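Okay, so here's the structure we're looking at.
The values are calculated or read from the model by the stated rules, or taken from the named source; none is laboratory data. Because the structure is a prediction, the values reported are computed rather than measured. Here the Cβ is made from the backbone with ideal geometry for all residues, glycine too, and neighbour counts use every protein chain on show.
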């Protein structure tokens, strides 16, 4: 990939998002114009973190396990094609995790691009598995993540896959390390991803949390990869946002269950955004066609 100046990258991103007209227009005016349309490539505030992210994140962890995912198992060439297509369309938010093994793949895609024009989010797996032995804190993990990504800082770092309401005490050392790294500006925002209703409720009110990854779609329930009924989860997410937490929705398409049901995809996007349950969403799109389809569906949402 050729080297980009900051201005070239902004122009490329805005042009691909359809924000540069043929008549003269300033970059500032073009960026402001994005707010007039509901698009996956719109830059939105991520809660109270001070970060601006695209409303849609390119997920890299579909069926993630053992330091791999469907995206990484496709190989470098396919991953590059997918991620660079997302960038070309204006998606500058990358959702990663140690569990997915996606850091080295993303590193190659973002090499040479201005660091302040995209958002890197990753997650620490806190439990011992055959593929990882956690340090018990966060310093060692974050240092490794930064090296794997070729970056000086992470925009967001989460504790991955909280499964009970006791996670604040269970992972206190990780929280303490992340708080220190946040003070040092090595990490800009911290939080958790939740796979349990009790964990989600605690996260919605806990003062340490800046960002929550939450499983939500218009169907709800475990059958559709959520942590409670749609009414229960929605109520907690409204509480979280009222408390200033950033919410990034995941499992919007029910972990792929809606893949061949376009009407379900549309209904889920409409429900999540019309009810103002999230700041942004992450979807583990696997092909450039899936990226285009998701962006097209998001552009029709009336929120």
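Please determine whether any residue of the stretch 190-203 is under 19 Å from residue 168 (Cα atoms), part of a loop (DSSP other than H, G, I, E, B) and free of Cβ contacts under 8 Å to residues at least 24 places away in the same chain. Spell out the reasoning first.
Start the filter on the stretch 190-203 by keeping residues that are under 19 Å from residue 168 (Cα atoms), which leaves 190-203.
After this cut, where a residue has to be part of a loop (DSSP other than H, G, I, E, B) as well, the list is 195-196.
Applying the additional criterion that residues be free of Cβ contacts under 8 Å to residues at least 24 places away in the same chain yields none.
Checked the stretch 190-203: no residue is under 19 Å from residue 168 (Cα atoms), part of a loop (DSSP other than H, G, I, E, B) and free of Cβ contacts under 8 Å to residues at least 24 places away in the same chain.
Please specify each residue of the stretch 204-217 satisfying the condition of being outside any strand (DSSP E or B) and over 12 Å from residue 250 (Cα atoms). Working first, answer last.
Initial filter on the stretch 204-217 (outside any strand (DSSP E or B)): 204-210, 216-217.
204, 205, 206, 207, 208, 209, 210, listed by residue number.
(1) assigned to a loop (DSSP other than H, G, I, E, B); (2) within 19 Å of residue 176 (Cβ to Cβ); (3) touching a helix residue (DSSP H, G or I) at 6+ places or on another chain (Cβ under 8 Å): which one isn't true of residue 141, the others all being true?
With respect to (1) assigned to a loop (DSSP other than H, G, I, E, B); (2) within 19 Å of residue 176 (Cβ to Cβ); (3) touching a helix residue (DSSP H, G or I) at 6+ places or on another chain (Cβ under 8 Å), residue 141 is out only on (1).
Return yes or no: is residue 161 closer than 20 Å to residue 118 by Cα, touching a residue at least 24 places away in the same chain (Cβ under 8 Å) and either touching a strand residue (DSSP E or B) at 6+ places or on another chain (Cβ under 7 Å) or part of a loop (DSSP other than H, G, I, E, B) (or both)?
No; evaluated as a whole, the condition is false for this residue.
Rundown of residues vs (1) farther than 16 Å from residue 46 by Cα; (2) buried (at least 18 other Cβ atoms within 10 Å of the Cβ), yes/no style:
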position: 174; (1), (2): yes, yes
position: 178; (1), (2): yes, yes
position: 209; (1), (2): no, yes
position: 221; (1), (2): yes, no
position: 231; (1), (2): yes, no
position: 245; (1), (2): no, yes
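For the stretch 88-108, name all the residues that are in contact (Cβ under 8 Å) with a residue 40 or more places away in the chain and either surrounded by fewer than 16 Cβ atoms within 10 Å (Cβ to Cβ) or farther than 15 Å from residue 121 by Cβ (or both).
Within the stretch 88-108, 88, 89, 90, 104, 107 meet the criteria.
Tell me, which helices (runs of 4 or more DSSP H) wholly within the stretch 219-303 include 1 or more residues that are modelled with pLDDT of 95 or more, out of contact with any strand residue (DSSP E or B) (no Cβ under 6 Å at 6 or more places or on another chain) and under 21 Å from residue 198 (Cα atoms)?
Passing ranges, in order: 230-242.
If residue 34 meets every condition in (1) crowded, with 17+ Cβ neighbours inside 10 Å; (2) closer than 23 Å to residue 246 by Cα; (3) modelled with pLDDT of 95 or more apart from one, which number is that one?
It is condition (3) that residue 34 fails.
Just name the residue that is nearest to residue 246 (Cα to Cα) out of those in the stretch 115-130 that are surrounded by fewer than 16 Cβ atoms within 10 Å (Cβ to Cβ) and out of contact with any helix residue (DSSP H, G or I) (no Cβ under 8 Å at 6 or more places or on another chain).
Keep residues of the stretch 115-130 that are surrounded by fewer than 16 Cβ atoms within 10 Å (Cβ to Cβ), which gives 115-117, 127-130.
Next cut, out of contact with any helix residue (DSSP H, G or I) (no Cβ under 8 Å at 6 or more places or on another chain) only: 115, 127-130.
Details: 115: 22, 127: 25, 128: 28, 129: 29, 130: 32 Å.
It comes out as 115.
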